[in-house]
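Shown next, in structure tokens, is the structure this report addresses.
The values are calculated or read from the model by the stated rules, or taken from the named source; none is laboratory data. None of these values were measured; they are calculated from a predicted model. Here the Cβ is made from the backbone with ideal geometry for all residues, glycine too, and neighbour counts use every protein chain on show. Accessible surface is based on the protein model in full, side chains and every heavy atom, while ligands, DNA and RNA are left aside. Shrake-Rupley method; radii C 1.70, N 1.55, O 1.52, S 1.80 Å.
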Amino acid sequence: MISHYDRKTKKCMHYAVNACLAPLYSVEGMHVITVEGVGNHKRGLHPIQETLARSHGSQCGFCTPGFIMSLYALLRSSETPPTEEQIEESLAGNLCRCTGYRPIVDAFRVFSKTNNALYTDISSLSLQEGEFICPSTGKPCSCGSKAVHDIGTNEQPICSTRYKPISYSEVDGSAYTDKEFIFPPELLRRKLTPLNLSGLGGLKWYRPLTVNDVLELKEKYPNAKLLVGNTEVGIEMRLKRMPYQVLISVAHVPELNIINVKDDGIEIGSAVRLTELLNLFREVITQRPANETSACKAFIEQLKWFAGTQIRNVASVGGNVCTASPISDLNPLWIAARAKFRIIDCNGNIRTTLAENFFLGYRKVDLTSNEILLSIFLPWTRPFEYVKEFKQAHRRDDDIAIVNAGMRVCLQEKSEEWVFSDASVAYGGVAPLSLCAIKTKEFLIGKKWNQDVLQGALNVLRTDIVLKEDAPGGMVEFRKSLTLSFFFKFFLWVSHQIEGKKSIKESVSLSDLSAIKSFHRPPLVASQDYEIRKHGTSVGSPEVHLSSRLQVTGEAEYADDSPMPPNGLHAALVLSKKPHARILSIDDSGAKASPGFAGIFFAKDVPGSNKIGPVVLDEELFASEFVTCVGQVIGIVVAETHENAKLAARKVHVEYEELPAILSIEDAVRAESFHPNSQKCLKKGDVDLCFQSDQCEMIIEGKVQVGGQEHFYLEPHSSLIWTLDSGNEVHMISSTQAPQKHQKYVSHVLGLPMSKVVCKTKRIGGGFGGKETRSAFLAAAAAVPSYLMNRPVILTLDRDIDMITTGQRHSFLGKYKVGFTNKGKVLALDLEIYNNAGNSLDLSLAVLERAMFHSDNVYEIPNVRIFGSVCFTNFPSNTAFRGFGGPQGMLIAENWIQRIALELKKSPEEIREINFQGEGSILHYGQQLEHCTLAPIWNELKVSCDFLKVREEVDGFNLHNRWKKRGIAMIPTKFGISFTTKFMNQAGALVNVYTDGTVLVTHGGVEMGQGLHTKVAQVAASAFNIPLSSVFISETSTDKVPNASPTAASASSDMYAAAALDACEQIKARMEPIASQHNFGSFAELVTACYLERIDLSAHGFYITPNIGFDWSTGKGKPFSYFTYGAAFAEVEIDTLTGDFHTRTANIFMDLGYSLNPAIDVGQVEGAFIQGLGWVALEELKWGDAAHKWIPPGCLYTCGPGSYKIPSLNDVPFKFNVSLLKGNPNVKAIHSSKAVGEPPFFMASSVFFAIKDAILAARAETGHTGWFPLDNPATPERIRMACLDEFTAPFVSSDFHPKLSV
């Protein structure tokens, strides 16, 4: 949080900023508070930190400081408590990959304003039966209503404490504790001075304080970049590597910060920040006549979805204008609203130009090198003049536009008719600059306002806005259709505004009104329903995450936080730029001459073996002769700083001879490009005989494309490696799910025995499978320079490099043939599935096998044949990701289930029910279902969501709304628990009991936010009958517990808790003789007595999962110990004109047995669901392939948060309910619990099929009632282009299929 004193208002401004974009020089003379300054575990936690920790709002903890600081800045700057909406708005721009956001929103809600309408009009909230009303807000309470069923005590929910500020001052803002840092008094007295500072590489930084000083500097340095918030220049310099040498910070120039509200409009200085602009417009619309502020209202709506709060707090109006981005959200509006730009040159001459004439080309504006933008003048709108904003992005919140627009019309009454006296239609995202539809404007002026003019204008627009087929950014048909959809919406909106005015004969039909209803997100309503089955002191209790108090204060340490030892070096990778090529030569002379360079290493320098791989050795650590993907590692550079290492790596020049590349599954199938020995088959019954017999009354065939997904753990890959005893031993701290793999890879490439290599991991900032195998080659690469130079080396990947090099969730292609009866009973499934492995096998075969095991989802099919193949392609090797192939297999199954329903004109839920497996069902791989809880889960879900009633309501809504449609779906799942490779189902733990009665547990599992350490500690605490606070787990280390399997497959709690329990039981057995002789007052006394009797108080525990095994030669066996079952209901609403959607409701039921920690398990369910929502509806990987010719071959376009969109807080369902099935112990796992990590992920497909249900309703409007393919992710493009209507018809046929990288 930045605080600075504003001498004009005599107040302090407190606001959150992005630390990575705020140059140190920009905060000179300001007060900076980081998360450590808010509170820490020694000095005490701030109420914000306390409530987030207590509400389970921090899992891996890597994103937590950002959320804390965003809310802290809001609270410090608010005199009265903020509203819930303001709190949610302040958090926009923060991403979380673990929690699903619900607990964060719940935690922070206690700081919001209480509802004045207490206890009134509760019925309007349509309360669900049994919902608890919070006495504080008068609303359904989600912070207190865990609807907890505590066996034995049956506690009533208690609402959380609400926090209010204890003091407020104009300088210090609001204080919530007496330990808040005040604004330093010396900064109040300090006068602002001009700055002239130097930076790295001769960079000059100036901070002038008058406009004349700015103009002098601009004359001296014509190519200098002016900046305020550094939000664009910072990105250009860091990510686009633009070498600006002179930066002029104009943030403190009074003439550029003016805000002048005049009689004819508003003058806005070019350095005014967007947050100030938003506040100004909000104030103005309350003070001026409504007809004058139409443009202001449009800006308010557009700014609401412009970047995140932290960016708006520092980004300036002029910066956005002069950047002249073709997708600027504001520039089309400035054009449409008749804004004028005032420009001043170095001689002080001022000229004015219209916004529509200011933009000349791609990032080119009407400014000479000696001119700057002084201010913007926005005129008031005239009577019967209307301005409206439009924007469609991949993600509603904090995302750049695909297409945006600003539109204006001015109407005049002429002889009892309304005619266009003026108009402006401006688009972004359809050309290299913000573009005016000139022909459309000319067509409109003078025309009468009626339906005919609408059709005419739409026809002119099609020729006015022309996008070429190979336009950068792709999605050409979608973007073209948006230009028409936006204009249609504008026409309806204006029609609605002027309704009831004299001479207006036509009114907008109620059905058409749906096109112009603005989106307003209600505050989140959520419930978590579970029972507490306590076992001993701790097991079964909803304890908070053991590290949560360190995570909320920013004190929790991750790999990159490890202090760099003396003499340490930073590493950067030299990467391939071609998808398939022979390396002809490598010139590293540029790197060697680079500043801070210390060494460079290639394949020839590897001391041990250069061949690596987790299953088969089919990869090279450093490519020697051939590269087989873009992003393959060719070498590694070490230098004195991270930036110097990256600079040196970029200077390595590699000459290639390009070779043909395989860039899709279809390419691989055509070329028969499969990994060796990777084709598998599973059979049950006789598929061919069934198809030939007359049992199958209907047969369908089709194919399903399943998109990939980036892990997007918040902490990128990182390893710090150092040698001991002059290189005799190697130690490392790594961000990995598999320390043993790091140990193995490093020993292998260095030629050392594993006993001399140690890998430690304290915690990781998210993994999700992406750090199971693909982290190991990075540690091995960093180990080479560390070992050869005998110096510590740290390798931490930047986000783009991480995404380009380390692989993603596998995309799949499924080809199905299904036979069924007229009632919908499935009789035969013939399935071919292919996954895109990339350029090495990695775990792709195991991923394929699990997809094959899960290809039935929960359906009884007498005859099954599944062929699976692992495709070799020229992409980085794909890898494990939550679900490990299971979700892909199940998504294919649910596609053909839904198609059967359409063919038979039945509901998909009915088809699902008549095909359910049950107790005793024999699966297609020979395993028999035991303790199957599918039916009770499904039935409870159906009752809880009142499915038939909601179906009626949705159909009614769709009947009365032409352009908004709702859809619902209920989806079941069953997920097998165990590694499908038998030997991996083993776990070890070391338990040490100390004489003060405390216990240290070390086990082979890694804490990555999933609460594994917390659950294992709970098991140990209950075993010894001691409080949880007496048990500690420090880290995972290969020298404490050897040969550990990766923390994966959802099985870690089952295995490591059981291993820890085994060790505890051994110690208890040794203590028993002493314990039985005396009645000890405490555990510490007992331990001391045992110690005095020389009893061993340390034990190694071990666990193997019993009764599992599978034989691929027969295709039969029992690969899974048990199954976790679940079902989910979702209701969505789509905008058929833009493809925008939101999830109105999500209800999830899971069977987790007797949960070891129900609060942590609910957190896993919510987090998995929102991550799954990303996979099915938001997150699209775009590769350079035949479908995306505008991307260089084999390159990943979506390689950062700017282009790859994970769910944000705004994507959480409005109503989000999680229930755990009660009274169903699981006999197969520790303390009757069940695994939870992966099974809920697939539940999010309920949103996907609800979207498809809504699209079906939209297509029915134009007579398209048959089945249609919809690929995941169901992005706005796919939703919009599937909703066929008159605005898509000019561009696509009814069978159009948007492109997908598969």
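Within a Cβ distance under 12 Å of Ala92, other residues only, what is the Lys/Arg minus Asp/Glu net charge?
Numbers: positive: Lys304, Arg312, Arg395, Arg396, Arg521; negative: Glu85, Glu88, Glu89, Asp397, Asp398, Asp399, Asp1211.
For residues surrounding Ala92, the net value is -2.
Report the GluC sites (Glu not before Pro) located in segment 1046-1115 that are in a DSSP loop and have at most 14 other Cβ atoms inside 10 Å of their Cβ, or state none.
Of the GluC sites (Glu not before Pro), the ones in loops of segment 1046-1115 whose Cβ has at most 14 other Cβ atoms within 10 Å are Glu1093.
Per residue of segment 1025-1042, in order, report the coupling 6.51 cos²θ - 1.76 cosθ + 1.60 (Karplus, θ = phi - 60°) as ³J(HN,Hα) in whole Hz, putting x for Gly and Pro.
Couplings: 6, 10, x, 4, 5, 8, 10, 10, 10, 8, 7, 9, 8, 5, 8, 9, 10, x Hz.
Considering only C-alpha atoms, what is the centroid distance from segment 180-197 to segment 636-653, in Å?
38
Tally Lys and Arg at +1 and Asp and Glu at -1 over the other residues with C-beta under 11 Å from the C-beta of Gln245: what net charge comes out?
Numbers: positive: Lys204, Lys225; negative: none.
Summing Lys/Arg as +1 and Asp/Glu as -1 gives +2.
Per-residue HN-Hα couplings for segment 419-432, Karplus 6.51 cos²θ - 1.76 cosθ + 1.60 at θ = phi - 60°, whole Hz, x for Gly and Pro?
10, 6, 8, 7, 7, 8, 10, 10, 10, x, x, 10, 7, x
Quick one: dipole size for segment 1149-1216, taken about the Cα centre, charges +1 on Lys/Arg Cβ and -1 on Asp/Glu Cβ, in debye to the nearest 20.
280
Looking at segment 1098-1210, what % of the alpha carbon pairs are farther apart than 22 Å?
63
Answer with one residue from Ile344, Val32, Ser527: the one whose Cα lies farthest towards the positive end of the charge dipole of the chain, charges on Cβ with Lys, Arg +1 and Asp, Glu -1.
Positive-most Cα among the choices belongs to Ile344.
For each pair in Lys441/Lys1189; Lys262/Lys364; Lys771/Lys1040, compute the distance between the two Cα atoms and list the pairs where it is over 32 Å.
On the way: Lys441/Lys1189 34 Å; Lys262/Lys364 30 Å; Lys771/Lys1040 21 Å.
Violating the 32 Å Cα-Cα cut-off are Lys441/Lys1189.
Considering the zone a paramagnetic label at Asn357 would reach in this model (a point 7 Å from Cα along the Cα-to-Cβ line), which residues of segment 314-329 have amide N under 11 Å from it?
Hits in segment 314-329 for Asn357 at 11 Å: none.
Past 32 Å, Cα to Cα, is the threshold; run Lys304/Lys448; Lys1118/Lys1222; Lys965/Lys1234 against it and keep the listed order. Provide the component values of the computation, followed by the final result.
Values: Lys304/Lys448 34 Å; Lys1118/Lys1222 27 Å; Lys965/Lys1234 38 Å.
Violating the 32 Å Cα-Cα cut-off are Lys304/Lys448; Lys965/Lys1234.
What is the local net charge at Leu546, summed over the other residues whose Cβ is closer than 13 Å to its Cβ (Lys, Arg +1; Asp, Glu -1)?
+1
Can you give the translational diffusion coefficient of segment 312-386 in µm²/s, computed by Stokes-Einstein from the Kirkwood radius over Cα pairs at 4 °C and 1.567 mPa s? Write out the running numbers ahead of the final one.
Numbers: Rh = 13.1 Å.
D, rounded to a whole number, is 99 µm²/s.
Report, by chain and number, residues whose modeled amide H sits under 5 Å from the one on Thr1145, excluding near sequence neighbours (fewer than 5 apart, same chain).
Excluding prolines and chain starts, which carry no amide H, the hits are Glu1131, Phe1214, Lys1215.
Can you tell me how much longer the chain between Leu1000 and Glu1072 gets when fully stretched, taken as 0.36 nm per residue apart minus their C-alpha distance, in nm with one decimal?
Values: separation 72, 0.36 × 72 = 25.92 nm, distance 1.99 nm.
Length gained, Leu1000 through Glu1072: 23.9 nm.
For n ≥ 4 DSSP H runs only, could you compute -39500 (n - 2.57) per run for the chain, divide by its residues and tell me the 222 nm figure to the nearest 500? Before the final figure, lay out each step's value.
Working: 37 runs with 373 residues, N = 1302.
Roughly -8500 deg cm²/dmol at 222 nm, from the helical runs in the chain.
Projected onto the charge dipole of the chain (+1 at Lys/Arg Cβ, -1 at Asp/Glu Cβ, origin at the Cα centre), which of Leu841, Thr1036, Gly456 gives the Cα projection farthest towards the positive end?
The Cα lying farthest towards the positive end belongs to Gly456.
Evaluate 2.2 N^0.38 Å with N set to the residue count of segment 645-750, then give the Cα radius of gyration divided by it.
Values: Rg = 24.7 Å, N = 106, 2.2 N^0.38 = 12.9 Å.
Dividing the Cα radius of gyration by 2.2 N^0.38 Å gives 1.91.
Output ³J(HN,Hα) for segment 200-208: one whole-Hz value per residue in order, computed from phi by the Karplus curve 6.51 cos²θ - 1.76 cosθ + 1.60 with θ = phi - 60°, and x for Gly and Pro.
Once rounded to whole Hz, the list reads 4, x, x, 5, 10, 10, 10, 10, x.
Checking the table Lys825/Lys942; Lys815/Lys1299; Lys11/Lys42 against a 25 Å threshold on Cα-Cα, which pairs fail? Don't jump to the answer; show the numbers that get you there.
Values: Lys825/Lys942 21 Å; Lys815/Lys1299 18 Å; Lys11/Lys42 32 Å.
Too far apart for the 25 Å limit: Lys11/Lys42.
Set Lys and Arg Cβ to +1 and Asp and Glu Cβ to -1, take the dipole of segment 748-862 about its Cα centre, and tell me which of Val858, Leu829, His748 lies farthest positive.
Of the listed residues, the answer is His748.
How big is D, in µm² s⁻¹, for segment 530-676 by Stokes-Einstein at 10 °C and 1.306 mPa s if Rh is the Kirkwood radius over C-alpha pairs?
Values: Rh = 19.4 Å.
It comes out at roughly 82 µm²/s.
Between segment 785-826 and segment 1204-1234, what is the separation of their alpha carbon centroids in Å?
If you average the Cα positions of each part, the centres end up 24 Å apart.
Which whole-angstrom value gives the distance between the alpha carbon centres of segment 1000-1051 and segment 21-73?
28
Hey, can you grab everything whose amide H is under 5 Å from the amide H of Gly766? Only 5+ residues off in sequence or another chain; H modelled, so Pro and N-termini drop out.
Amide H neighbours of Gly766: none.
List the trypsin sites (Lys or Arg not before Pro) within segment 193-282 that DSSP assigns to loop and that have no more than 13 neighbouring Cβ atoms inside 10 Å.
Numbers: sites: Lys204, Lys218, Lys220, Lys225, Arg238, Lys240, Arg241, Lys262, Arg273, Arg282; in loops: Lys240, Arg241, Lys262.
Qualifying residues, ordered by number: Lys240, Arg241, Lys262.
Could you tell me the accessible area of Lys11 in Å² (1.4 Å probe, neighbours in place), rounded to the nearest ten?
Looks like 70 Å² after rounding.
Which residues' amide hydrogens lie under 5 Å from the amide hydrogen of Leu195, considering only partners 5 or more residues apart or on another chain, with H built in the peptide plane?
When sequence neighbours closer than 5 places are left aside, the close amide H contacts are Arg207.
Could you pull out the trypsin sites (Lys or Arg not before Pro) across segment 505-573 that fall in loop regions by DSSP (anything but H, G, I, E, B) with no more than 10 other Cβ atoms inside 10 Å? Walk me through the numbers before you get to the answer.
Numbers: sites: Lys505, Lys517, Arg533, Lys534, Arg549; in loops: Lys505, Lys517, Arg533, Lys534.
Of the trypsin sites (Lys or Arg not before Pro), the ones in loops of segment 505-573 whose Cβ has at most 10 other Cβ atoms within 10 Å are Lys505.
Ignoring ligands and nucleic acids, what accessible area does Thr1262 show with a 1.4 Å probe (Å², nearest 10)?
Accessible area, nearest 10 Å²: 50 Å².
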